[in-house]
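Okay, so here's the structure we're looking at.
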Amino acid sequence: MSENVMDYDFSRLSTRSFEQLIQSLAHSVIGPNIVIFGDGPDGGREATFEGQIPFPNDAERWHGYGVVQAKFKQRTEASGKDGDWALNELKKELEKFQSLTRGLKQPEYYIFATNVVLTPVAESGGKDKVTSYLQSQKTRLGLKDFRIWDYDQLRVMLDGCADVRTTYAAWITAGDVLAKLIESMQPQRRDFREVMRNYLQKELCADQYVNLNQAGHQPKDRIPLAQVFVDLPVGDPSQPNGVIELLLEMANQCLNPTVIQQKMPLTTELWTMPATPGRLVFVGGPGQGKTTLSQFICQLFRVSLLQQEDQILLLREAKDACTIIIEQISQANLILPSMPRFPLRVVLNSFAAVLAEGKTTSLFDYLIQRINKLTDRNLSQDDLRCWLASYPWLLVLDGLDEVPASSNRDQVITAVQNFLIDAQGCNADLLLLATTRPQGYNDDFSNQYYQHYELLPLDVPRALNYADRLLEQRWGGDQDKIENLRQRLKRAGAEIATARLMRSPLQVTIMTMLVESVGQPPRERWRLFNDYYRVIYSREKQRDIPAAELLNTYQTDIDAVHQRVGLRLQVDSELSGATDALLTQNES
């Protein structure tokens, strides 16, 4: 092994990001005729190639059908166990080509890639065991040749593939990743890392408490967001996924344009192209937890980054906030991001207002103004652009619905698009997450370019789980009180009428507050629904949206309409076969 071969650290990679790394290396050494497979079951391969390729070298070109397969071990043991694990994984993969039910095309050439060290000990070492097994399969599978890319071989290949090494620098750089990346950036500010650490701590502390005053709780109820957050259901209603789980899986992938392009289908029909990976829009109704979600996902990445800092340099309050988040996600069977992206959260109605007033010229300028204001530093645009080009980012755009189409929504969307143009130009690894209500949303983030996900209503068990957390925070010293309220909420969840008012985090929060004072919800239904209406009305009046002015000006008229509609629905629901009364479009 050459002494100038660099060390690389694969511990920040996930299984999917390691597969992407192998795909990028294969693309670099084999050429453009390689076919890259995207997410999901790979059918025994990460990539395939066919025809003549310049590998392993120009003199000994492979000519035929070949397969590239990657196997990633998250926790390597630097022992013979790693070699045994790799051999077992290889055997399982090759068995797939013998399965008649799968019908996979048998390869003539095979590349087996793994992040583990295959020891070089003759005969008993991992490398010899894997090599011997592949040799034994030549006749059985019809293999003409094969190659093994283990950790040591990958090091040599990365040294020779500057483009891949640069693309994955933040993922595979050994040692203090941030220090080495910032050193390679050569920022104008020598204290660039200190500025970033300062910014992350201030954002972490500012976003650590959940906002419950919109549900009727007093501002004095300072409840840590992490201690009441529940992962929201999204996707197929029959088999919903958790939003956080989905986002962490996406965040652990490399999302820069170079890597994305490798796995995009080769077609000239633009309407058949899938949405760009890493651009997500979550659509949910009022109080469904969109803003809380946007805060919490940023908190996870802030904690993950701050864990890499010298803990002596962190404020005690910031360290305590980190500890709470780590403890809570552990209880929810979640983990911190393995690749800590740099998180930035933009409240879109605030950005729209600043943009309309001419106080900023672009989204990028707005971001740097916010960082400079929070840190009381003067960070240059060039330094932040270099950071965007060098390190993975998470950009959260919260509340598009709060930017009315009648104001400057088009200007906001244009600013987002211009930012994406800049990010694309510097090959940025960017995960973009936007949130909106369905009302007034006109595909502003086009389905052609963004993946859309609808937030689903909470089922009763998830709603009660959230309520339990809320009760523990509000009445932690009174277990009798908690148990009494818990039983009331269980009864509310068992009643069809009141269960309908427990389908979002805001609704559960309101219901929790109401059962503290109302008593048994099913027995005092009119008062329950009336109080619920009042709380929701008060919440909407406080929001910074045009509708708030109407709600404040015409409350008497709106109350009258509400009562009239309620009476009409009650009459309809008492008719035979019309227990689920609704107003038609014409009636409303």
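Tabulated data for the structure shown
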| quantity | calculated |
| --- | --- |
| Positions within the range 84-107 being of a type in the set (A, V, I, L, M, F, W, C), out of contact with any Leu (no Cβ under 7 Å at 6 or more places or on another chain) and part of a helix (DSSP H, G or I), in sequence order | 85, 87, 90 |
| Residue, surrounded by the fewest Cβ atoms within 10 Å (Cβ to Cβ), within the range 516-556, restricted to residues that are among the β-branched types (Val, Ile, Thr) and modelled with pLDDT of 75 or more | 556 |
| Residue among 121, 130 that alone is among the aliphatic types (A, V, I, L, M), modelled with pLDDT under 90 and under 29 Å from residue 9 (Cα atoms) | 121 |
| Those residues of the range 262-290 which are assigned to a helix (DSSP H, G or I), surrounded by fewer than 17 Cβ atoms within 10 Å (Cβ to Cβ) and either modelled with pLDDT of 85 or more or hydrophobic (A, V, I, L, M, F, W, C) (or both), in sequence order | 270, 271 |
| Checklist (1) at pLDDT 95 or above; (2) under 29 Å from the mean Cα position of the chain (by Cα) applied to residue 76, failing item | (1) |
| Extreme residue, surrounded by the most Cβ atoms within 10 Å (Cβ to Cβ), among residues of the range 318-359 that are among the aliphatic types (A, V, I, L, M) and assigned to a loop (DSSP other than H, G, I, E, B) | 339 |
| Filter result for residue 94 (more than 22 Å from residue 20 (Cβ to Cβ) and open to solvent by less than 70 Å² (accessible area, probe 1.4 Å)) | yes |
| Out of 131, 139, 173, sole residue that is among the β-branched types (Val, Ile, Thr) and within 28 Å of residue 304 (Cα to Cα) | 173 |
| Scope the range 397-432; condition assigned to a loop (DSSP other than H, G, I, E, B) and either in contact with a Phe, Trp or Tyr (Cβ under 8 Å, 6 or more places away or on another chain) or buried (at least 21 other Cβ atoms within 10 Å of the Cβ) (or both); matching residues | 399, 403, 428, 429 |
| Residue count for the range 47-83, restricted to those that are outside any loop (DSSP other than H, G, I, E, B) and open to solvent by less than 70 Å² (accessible area, probe 1.4 Å) | 17 |
| Residue list for the range 486-507, restricted to those being β-branched (Val, Ile, Thr) and surrounded by 19 or more Cβ atoms within 10 Å (Cβ to Cβ) | 498 |
| Hits in the range 204-240 (condition: surrounded by 21 or more Cβ atoms within 10 Å (Cβ to Cβ), modelled with pLDDT of 90 or more and in a helix (DSSP H, G or I)) | 204 |
| Residues within the range 99-122 that are without any contact (Cβ under 8 Å) to a residue 24 or more places away in the chain, farther than 21 Å from residue 152 by Cβ and either of a type in the set (S, T, N, Q) or open to solvent by 80 Å² or more (accessible area, probe 1.4 Å) (or both), tallied | 3 |
| Selection from the range 448-463 of residues that are within 28 Å of residue 230 (Cβ to Cβ) and either of a type in the set (Lys, Arg) or in a loop (DSSP other than H, G, I, E, B) (or both) | 450, 456, 457, 458, 459, 462 |
| Residue 315, sole failed condition from (1) of a type outside the set (Lys, Arg); (2) open to solvent by less than 60 Å² (accessible area, probe 1.4 Å); (3) over 29 Å from residue 442 (Cβ atoms) | (2) |
| Residue list for the range 291-312, filter: of a type in the set (A, V, I, L, M) and open to solvent by less than 60 Å² (accessible area, probe 1.4 Å) | 293, 297, 300, 303, 305, 306 |
| Residue in the range 508-515 that is open to solvent by 20 Å² or more (accessible area, probe 1.4 Å) and at pLDDT below 90 present | yes |
| Qualifying residue in the range 183-197 (condition: open to solvent by 20 Å² or more (accessible area, probe 1.4 Å), over 22 Å from residue 464 (Cβ atoms) and at pLDDT below 90) | no |
| Of all residues making up the range 123-144, the number that are open to solvent by 60 Å² or more (accessible area, probe 1.4 Å) and either on the phi > 0 side of the Ramachandran plot or in a loop (DSSP other than H, G, I, E, B) (or both) | 3 |
| Selection count, the range 433-485, where residues are touching a Phe, Trp or Tyr at 6+ places or on another chain (Cβ under 8 Å) and loosely packed, with under 14 Cβ neighbours inside 10 Å | 1 |
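Results for (1) basic (Lys, Arg); (2) without any contact (Cβ under 8 Å) to a residue 60 or more places away in the chain, shown as yes or no for each residue.
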site	(1), (2)
336	no, yes
365	no, yes
371	no, no
385	yes, yes
395	no, yes
410	no, yes
418	no, yes
443	no, yes
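The values are calculated or read from the model by the stated rules, or taken from the named source; none is laboratory data. Model, not experiment: these values are computed from the prediction. All Cβ positions, even for glycine, are placed from backbone atoms using ideal geometry, and neighbour counts span all protein chains on display. Quick note on the areas: whole protein, heavy atoms, side chains included, nothing else; ligands and nucleic acids left out. Shrake-Rupley method; radii C 1.70, N 1.55, O 1.52, S 1.80 Å.
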